[in-house]
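The structure appears right after this line, and notes come after that.
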Amino acid sequence: MRSPKKINLANLPTPIQKIKFEGKEFLIKRDDFTGFDLSGNKVRKLEYLLQHAQREKAEIIFTCGGDQSNHARATAAAAAKLGIKSRLFLWGSEIAKPTGNLFLDKMYGAEIIFLNKKDFKNVDEIMTEERRKLVKKGNRVYVIPAGGSSTLGIWGYISFIEELKKQINLKKIDGIFSACGSGGTAAGLIVGSALHKLDIKIYAVNVLLPEKEIRKKILQLALGASLEYKPDIEIDESKLVILDGYSKEGYKNISDEKVRLISRFAKSSGILLDPAYTGKAFAAYHQRILKQRLGMKVIFLHTGGLFGVFAKSTAYLDEIVNK
């Protein structure tokens, strides 16, 4: 399979660790260790996307996400490192004292355009129109979709499987378990698994889009990448398992029950999970995998998100105080 070019931004490989939590052992792949300012899964995708942006001689990068978007923060940081301007289209509103990822977006010099929830549904069209205006003025603009989830971006997690193979015998593994927002990580894992002819399931804990919509998007990305880079790879749709119902409180919120689980895990392991993605994914993993003592057969992928914790610090601390 033809692998596209990339630039080196992430600290790879990330470690895989064996953790014991409440008497049950499990494997965790620490993609929160990809870097500090670039911490999390998004930088793996950005290595491919920003290489292409450089090749296109981009002067400004457009991307989008929530006001605490890990992807937007990673894009702003990486663009700053490469000397490229960034403009972020974020679902949210300006606040007097930004925290977490939003604080970092500003520190990295990103221009921020805030959109309400209704307008954000049309963010792709908005970015396209804003790009058209700048291109007309002679600027070179490169647009990255939400989460870096494109047929090029998902190469971050196609190549992830090769890295994982060097760390553990994947013939003894039944699945990889991860949070899922824009679908790119799951799509890359599906293609990577097919490329290496692995009989494993990809568990995607849906935190944002309706179940049918995110499943369709993941498979479209996977099929698109396989057609673009190697048409003879067969994507087995049955290997993708969408786990829904773990974000009923909403993408930007987290339930008290999940915060209590996050707190217990942090005190036990020294590993912190974020409120939008990994906290919800771990709640699903705890219920479906750990309680069944399957943790040594299904790897939990920690996709980062630490900076998002600070925007929810009151909720986290209230749980500790009121326990």
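Filtering 80, 76, 72 for residues that are in contact with a Cys (Cβ under 9 Å, 6 or more places away or on another chain) and assigned to a helix (DSSP H, G or I) leaves a single hit, 72.
Within the stretch 90-100, one or more residues are over 25 Å from residue 140 (Cα atoms), of a type in the set (Ser, Thr, Tyr) and open to solvent by 10 Å² or more (accessible area, probe 1.4 Å). Across the stretch 83-102, the number of residues qualifying as without any contact (Cβ under 8 Å) to a residue 24 or more places away in the chain and in a helix (DSSP H, G or I) comes to 0. Applying the selection to the stretch 60-79, what residues are touching a residue at least 60 places away in the same chain (Cβ under 8 Å), buried (at least 23 other Cβ atoms within 10 Å of the Cβ) and either on the phi > 0 side of the Ramachandran plot or of a type in the set (A, V, I, L, M, F, W, C) (or both)? Scanning the stretch 60-79 gives 61, 62, 64, 65, 78.
Candidates are the residues of the stretch 133-163 that are assigned to a helix (DSSP H, G or I) and over 30 Å from residue 3 (Cα atoms); the one that is most open to solvent (accessible area, probe 1.4 Å) is 136. What do you reckon, is residue 258 part of a helix (DSSP H, G or I) and open to solvent by 20 Å² or more (accessible area, probe 1.4 Å)? Yes; evaluated as a whole, the condition is true for this residue. When residues in the stretch 269-313 are screened for being hydrophobic (A, V, I, L, M, F, W, C), more than 23 Å from residue 171 (Cα to Cα) and crowded, with 20+ Cβ neighbours inside 10 Å, 9 of them pass. Restricted to the stretch 5-26, and to residues there that are in contact with a strand residue (DSSP E or B) (Cβ under 8 Å, 6 or more places away or on another chain) and among the hydrophobic types (A, V, I, L, M, F, W, C), the residue that is surrounded by the most Cβ atoms within 10 Å (Cβ to Cβ) is 26. Close Cβ contacts (under 7 Å, 6 or more residues apart or on different chains) running from residues in the stretch 1-12 that are in a loop (DSSP other than H, G, I, E, B) to residues that are open to solvent by 60 Å² or more (accessible area, probe 1.4 Å) and modelled with pLDDT under 95 comprise 1/230; 2/230. Selection within the stretch 202-253: residues that are in contact (Cβ under 8 Å) with a residue 60 or more places away in the chain and part of a loop (DSSP other than H, G, I, E, B). The member of this set that is least open to solvent (accessible area, probe 1.4 Å) is 207.
Can you confirm whether the stretch 110-124 contains a residue that is under 23 Å from residue 34 (Cα atoms) and either within 22 Å of the chain's Cα centre (by Cα) or in contact (Cβ under 8 Å) with a residue 40 or more places away in the chain (or both)? The answer is yes, given that some residue of the stretch 110-124 is under 23 Å from residue 34 (Cα atoms) and either within 22 Å of the chain's Cα centre (by Cα) or in contact (Cβ under 8 Å) with a residue 40 or more places away in the chain (or both). Scanning the stretch 32-47 for residues that are outside any loop (DSSP other than H, G, I, E, B) and open to solvent by less than 10 Å² (accessible area, probe 1.4 Å) yields 43, 44, 45, 46, 47. If the requirement is being open to solvent by less than 20 Å² (accessible area, probe 1.4 Å) and over 27 Å from residue 120 (Cβ atoms), which of these qualifies: 29, 57? Being open to solvent by less than 20 Å² (accessible area, probe 1.4 Å) and over 27 Å from residue 120 (Cβ atoms) holds for just one of 29, 57, which is 29.
The values are calculated or read from the model by the stated rules, or taken from the named source; none is laboratory data. Small disclaimer: the values here were computed from a predicted structure and weren't measured. Positions of Cβ are generated from backbone atoms using ideal geometry, with glycine treated the same way; all protein chains shown enter the neighbour counts. Keep in mind that these areas ignore ligands, DNA and RNA; they rest on the heavy atoms of the full protein, side chains included. Shrake-Rupley method; radii C 1.70, N 1.55, O 1.52, S 1.80 Å.
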